[in-house]
Amino acid sequence: MKMVIAYIKPHKLSEVVLALQEVDGLTGATFNDVRGFGRGRARNAPDRIREDAGDFVPRIRVEVACVDGLVEHVVEAIEKSAHTGLRGDGKVCVTPLEKAVRISTGERDNDSV
């Protein structure tokens with residue numbers, strides 16, 4: 001199992017959701033509003049948010065827990081649907097997922113995702 005974590009521009013959310021819904025076998029995804037900064041430090045970003053601690057750019061964090069066989073499909077779906085060709089399109093990271101449990105049924109690992 002793997003955890004795919006992506007950071008995308010907020011205006012690309014609906015396209016990413018639609019692309020992920022097309023991945024056969026994918027059972028779900030989680031989306032959160034987040035803020036951060038990258039190489040540009042948000043100095044010239046038009047959608048920046050000014051905070052006391054510095055400038056932060058709003059992004060959406062996408063989390064997808066999936067079986068190993070779906071990882072490339074999920075990454076490709078996010079990469080293609082979130083792409084604008086402009087700086088700051090985001091990042092996709094894949095990490096190992098050691099254990100997963102579906103609380104309602106007690107299913108574990110691959111069966112739970």
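Coordinate-derived values only; no laboratory data. Because the structure is a prediction, the values reported are computed rather than measured. Cβ placement follows ideal geometry from the backbone for every residue including glycine, while neighbour counts extend to all protein chains displayed.
If we sort 104-110, 85-91, 64-70 on the protection proxy, mean other Cβ atoms within 10 Å, highest first, what's the order?
Working: 104-110: 10.9, 85-91: 12.4, 64-70: 18.3.
Going by the mean number of other Cβ atoms within 10 Å, highest first, we get 64-70, 85-91, 104-110.
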For E22 and T95, extending 7 Å from Cα along the Cα-Cβ vector and measuring point to point gives, in nm, a value of 2.9
Mind giving me the nanometre distance, one decimal, between the label points for R35 and V71, set 7 Å out from Cα along Cα→Cβ?
3.4
With unit charges on the beta carbon (Lys/Arg positive, Asp/Glu negative), name the residue among V23, L13, G88 whose Cα is farthest towards the positive pole of the charge dipole of the chain.
G88
By how many degrees, between 0 and 90 and to the nearest 10, does the Cα long axis of helix 71-82 differ from the longest principal axis of the chain?
30
Dipole of the chain, Cα-centred, from +1 at each Lys and Arg C-beta and -1 at each Asp and Glu C-beta, to the nearest 20 debye?
660
So how long is each side of the chain along the principal axes, counting just the alpha-carbon atoms, biggest first, in Å?
46, 28, 20
Fewest-first ranking of I60, I78, I103, I5, using other Cβ atoms within 10 Å as the exposure measure:
I103, I5, I60, I78
